[in-house]
Amino acid sequence: MKFSAWPSVTNPWLDLAEEAKHIDSAGYHTLFVGDHFMHNREDNLGPFMESWSCLAAIAALTSNIRLGTLVTGNTYRNPGVLAKQVAQVDVISGGRVTLGMGAGWQENEHVAYGIYYPPVGERLKRLEESVQIIRSLFQNDRTNFDGQFYQFSNAPLAPKPLQPRLPILIGGGGEKVTLRLVAQYADAWNFPGSPEAFGDKLKILEEHCERVGRNPAEINKVGTMMVGFGEPIGGGRPDPQGWHIVEDVKGLTAGIDRFAAAGANEIIFHFNPGRPLPARKETWSAFIQDVAPQYA
């Protein structure tokens, strides 16, 4: 089982930089950041750092950990612009990037920034075209694409990613379309639900893999655990559904075991971001020292 970290981009940059260096030295597999421009709530004035600029800086500050987005909203950027950003961060990092992608869902930031927010069917079709374009830009000297939503003409991409095949992770659990896209195009898949729901979705993903002739073992299956330590989550709000509330990191083993039984081979941890930086660093270390060795 691989263990990855999802620190918050709502904390000050210097705190995130120190936290990222600590996570890197602790031995986690991947450091993921969210890709949003604002909070998904009525009071949306708090800080929310931009994902790919943060990852470029973190790439220069770290040495070992992989870096990715959980997940990049496809609606926010032209796929050529995104491919250019991702390839550049891969170069800066020495070849450590995973591109997490999703169709986009947070309507309030589209409205606030004047970004077109298509119906869900169109968002999924745009995601499918974007994944094909980005893979071609990564792999080929020139890309031509004449799709319903995107057109590329003799487009280059240089520098290329350092990785021969930069992994693309697709996030989501839509059973008819999203999981088919995972089966056809993705190197990894994340579904942010309970272990039991994860297992149900995985069975459907395996059916899509069979239909498209893909070996499901080729796809990294990534679960997510949002963890609070015996306290309200985020400013005293009630604990949202899906959070694991434990006394300490040793209490996470039951959840890990459930994800393993459901078929996950990687788990991303998001510890309550409202805690002070020293407490967050202590938690990242304690998990690697006290829990991770049981799953080596």
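Listed values for the range 42-50 are Karplus-derived 3J(HN,Hα) couplings in whole Hz (6.51 cos²θ - 1.76 cosθ + 1.60, θ = phi - 60°), namely 4, 8, 10, 7, x, x, 8, 6, 6, and x replaces Gly and Pro. Here the scattering of the range 114-171 is modelled by Debye summation over its C-alpha atoms, one equal scatterer each and no solvent; at q = 0.20, 0.22, 0.28 Å⁻¹ the log10 of I(q)/I(0) is -0.83, -0.94, -1.15. If you take the Cα centroid of the range 191-216 and the Cα centroid of the range 1-38, the two points sit 27 Å apart. Across the range 50-94, the volume of the C-alpha convex hull divided among the residues equals 61 Å³ per residue. Expressed as a whole percent, the accessible area of the chain that falls on carbon and sulfur atoms is 52 (1.4 Å probe). Annotation note: trypsin sites (Lys or Arg not before Pro) in the range 95-183 located in DSSP loop regions with a Cβ neighbour count of at most 15 within 10 Å are Arg142, Arg165, Lys176.
Sorting Trp243, Trp52 on solvent-accessible area from highest to lowest, probe radius 1.4 Å, gives Trp243, Trp52. Every pair of different Cα atoms in the range 94-221 enters the Kirkwood calculation, which places the hydrodynamic radius at 15.9 Å. Here the Gaussian network model covers the chain, with springs between Cα atoms less than 10 Å apart; of Pro161, Pro276, Pro192, Pro276 fluctuates the most.
In this structure the amide hydrogen of Phe271, modeled in the peptide plane, comes within under 5 Å of the amide hydrogens of Trp6, Val227, none closer than 5 places in sequence on its chain.
For the chain, modelled as a GNM whose springs connect Cα atoms under 10 angstrom apart, the maximal fluctuation among His29, His39, His208 occurs at His39. For Asn220, the amide hydrogen comes within under 5 Å of the amide hydrogens of Ala188, Trp189, counting only partners 5 or more places away or on other chains and with H modelled in the peptide plane. Accessible surface computed residue by residue for the chain, with neighbouring protein chains in place and a 1.4 Å probe, gives 44 Å² per residue. Derived scalar couplings between HN and Hα for the range 126-143 equal 5, 4, 4, 5, 4, 4, 5, 5, 5, 4, 5, 4, 5, 9, 10, 5, 9, 10 Hz in order, rounded to whole Hz, by the Karplus curve 6.51 cos²θ - 1.76 cosθ + 1.60 (θ = phi - 60°), x for Gly and Pro. Here's how it looks for Ile65: its modeled amide H is under 5 Å from none belonging to a residue 5 or more places away or on a different chain.
Mean residue ellipticity, 222 nm, helices only, the chain: the sum of -39500 (n - 2.57) across DSSP H runs of n ≥ 4, divided by residue count and rounded to 500, is -12500 deg cm²/dmol.
Return the subset of Lys21/Lys201; Lys221/Lys250; Lys160/Lys281 for which the Cα-Cα distance in this structure is over 25 Å, preserving the input order. Pairs exceeding 25 Å: Lys21/Lys201; Lys160/Lys281. Sequence-distant contacts, meaning Cα pairs under 8 Å at least 6 residues apart, place the relative contact order of the range 77-191 at 31 percent. Shown in residue order for the range 85-97 are the 3J(HN,Hα) couplings computed by the Karplus curve 6.51 cos²θ - 1.76 cosθ + 1.60 at θ = phi - 60°: 4, 5, 4, 5, 5, 4, 5, 4, 7, x, x, 10, 9 Hz (x for Gly and Pro).
The values are calculated or read from the model by the stated rules, or taken from the named source; none is laboratory data. Since the model is a prediction, treat every value here as computed from it, not as a measurement. Methodologically, a virtual Cβ is constructed for each residue, glycine included, from the backbone with ideal geometry; neighbour enumeration extends over all protein chains shown. Accessible surface areas use protein heavy atoms only, side chains included; no ligands, DNA or RNA. Shrake-Rupley method; radii C 1.70, N 1.55, O 1.52, S 1.80 Å.
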